[in-house]
1. Determine if the stretch 283-297 includes at least one residue that is in contact with a strand residue (DSSP E or B) (Cβ under 9 Å, 6 or more places away or on another chain), at pLDDT 90 or above and within 9 Å of the ligand (Cβ to nearest atom).
2. Which condition does THR170 not pass, out of (1) touching a Lys or Arg at 6+ places or on another chain (Cβ under 9 Å); (2) within 8 Å of the ligand (Cβ to nearest atom), if it passes all the others?
3. Tally time: how many residues in the stretch 144-160 are surrounded by fewer than 19 Cβ atoms within 10 Å (Cβ to Cβ), farther than 10 Å from VAL198 by Cα and not small (Gly, Ala, Ser)?
4. Looking only at residues that are away from the ligand (no atom under 12 Å from the Cβ) and charged (D, E, K, R) in the stretch 198-228, which one is nearest to SER274 (Cα to Cα)?
5. Which numbered condition trips up THR193, out of (1) in a loop (DSSP other than H, G, I, E, B); (2) surrounded by fewer than 18 Cβ atoms within 10 Å (Cβ to Cβ); (3) within 16 Å of the ligand (Cβ to nearest atom)?
6. Quick check, is LEU178 closer than 24 Å to GLY252 by Cα, touching a helix residue (DSSP H, G or I) at 6+ places or on another chain (Cβ under 7 Å) and away from the ligand (no atom under 16 Å from the Cβ)?
7. How many residues are surrounded by fewer than 18 Cβ atoms within 10 Å (Cβ to Cβ) and either of a type in the set (Asp, Glu) or under 14 Å from LEU321 (Cα atoms) (or both) if we restrict to the stretch 380-410?
8. When you scan the stretch 229-271, how many residues do you find that are aliphatic (A, V, I, L, M), near the ligand (Cβ under 10 Å from one of its atoms) and touching a residue at least 24 places away in the same chain (Cβ under 8 Å)?
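The values are calculated or read from the model by the stated rules, or taken from the named source; none is laboratory data. As the structure is a computational prediction, the values presented were derived from the model and not from experiment. Cβ atoms come from the backbone with ideal geometry, glycine included; neighbour counts cover every protein chain shown.
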Amino acid sequence: MTVHRADGRPCVAMLLASLVRNTHGVPVGFMGSLFDITDRVRAEQAMAEAKQLAEAANRAKTEFLANVSHELRTPMTGILGFSELLGRPGLPADQQAEFLRLIRQSGESLLKLVNGILDLARIEADRLTLRKTSCPLEQIIGDVTTAAGLEAASKGLQLRVVRQEPLPETILTDPQRLRQILQNLLQNAVKFTERGEVCLSVRCVDHEQPGARLQFAVSDTGIGIPAGDLDRIFLPFFQVDGSATRRYGGAGLGLAICFRLAQALGGELTAQSSLGQGSTFVFALPVAADDKRPENLTPGAAGNDAGSGNVPTALRGRVLLAEDDPTTCELLRHMFQQLGPELEVAENGRQACELAEQSRCDGRPYDLILLDMQLPLMNGYDVAARLRQAGWQGPLIAVTAHAMAGDRERCLAAGCDDYLAKPIGLAQLRETLTQHLAGKSATGDIPFGCKHPGQPEGN
Ligand code: ADP
């Protein structure tokens, strides 16, 4: 029961009373004491709440694991299944091409999931790096709507783009992250819409004022979101339908990432929705119009485009690859055949040091070394440090599946000049080689002097 203490404060009390009888055994009253059990009751409530929270977190974790497992296994099924079919003799060329397309598509969705998990981990650890640059707004709109337009068309949906002029020509922001947000919103809009249209509208609020904001609104005529769930859709792993019978794929990470990216860019992401009618996501981004000449921003320039194999100009040079995984070696051998430079392979870190040493002593030093960081006998970090210590000045490029926050910095600190995260695409490899092989030739400058022929240097 709730009573008031002498000082007027309410408290939860427990009454312990006993019946009082007179000398003839007749009940004449009660005698009792009131105990203030407020603290105990509060502690019990807190414990019950904590238990509920723990159970909810456990449920979310189980659902997430089930979803991630599903999201991993689905593309894996595509990759393994179609690779097996591809090995059958006498397969018509058009089927081969189709199976290859499906394998690539499955690989891309696997990569998307892994990148999503890494992005979230980076954001949660406050280790997101933004690369702000001057970017042409129209190109960004074009990039994101081209991809979404294809997906929309394949579902029979229309994708409209509405530009409300005046709009700035260039904006100063991180174009990759801006694209990521818009692409995600557009992909969701297409995914959760069965008929009707998806629309991206862009307008500038308070144009040319100090507080000018670009407003991107992605609206759809899809399934909508129940009002009670609207404030939870930005939580990691939340899905309106997280059940095993859900219709739509996804791991529930996209919006959580977009929400935090929007904040990191100084903007804000909000949602409105009406169940069964559609949803609108609005991303407002503060803009500082930029007068500098915009960079030529190629969509996915830093991405994983395996490309068509059309090499504009063959690259020259001699490259050493330190890699122990035979599949990656095979893949890179094929890529190098298309790109031009000669490739030699070291299977472990020690051999990489020895070959590098040998090459300079032979007077034909490698023009570039690609270094997997996880290598048998001597890891890539030690190889890089040792080569640098021995005076190697040629480019060392880390090629690694370690793509967590801080991995790039660790590679650079060990002495590498650049960093490529696996999986590597042909276009990305060409770009890196072009950059680091510029002006090099097989008989170019010797990257370091020959001090101890035949012997690796350093510790
Ligand atoms: P997912 O990978 O599940 O799509 P998101 O974080 O992108 O993850 O979205 C979280 C959830 O929000 C989705 O599972 C879906 O329930 C809901 N949602 C997101 N966008 C839309 C939309 N345009 N229409 C309806 N529901 C949406």
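1. Within the stretch 283-297, none of the residues are in contact with a strand residue (DSSP E or B) (Cβ under 9 Å, 6 or more places away or on another chain), at pLDDT 90 or above and within 9 Å of the ligand (Cβ to nearest atom).
2. Every condition holds for THR170 apart from (2).
3. Residues that pass the stated criteria total 4.
4. ARG203
5. Unmet condition: (2).
6. yes
7. 2
8. Residues meeting the conditions: 8.
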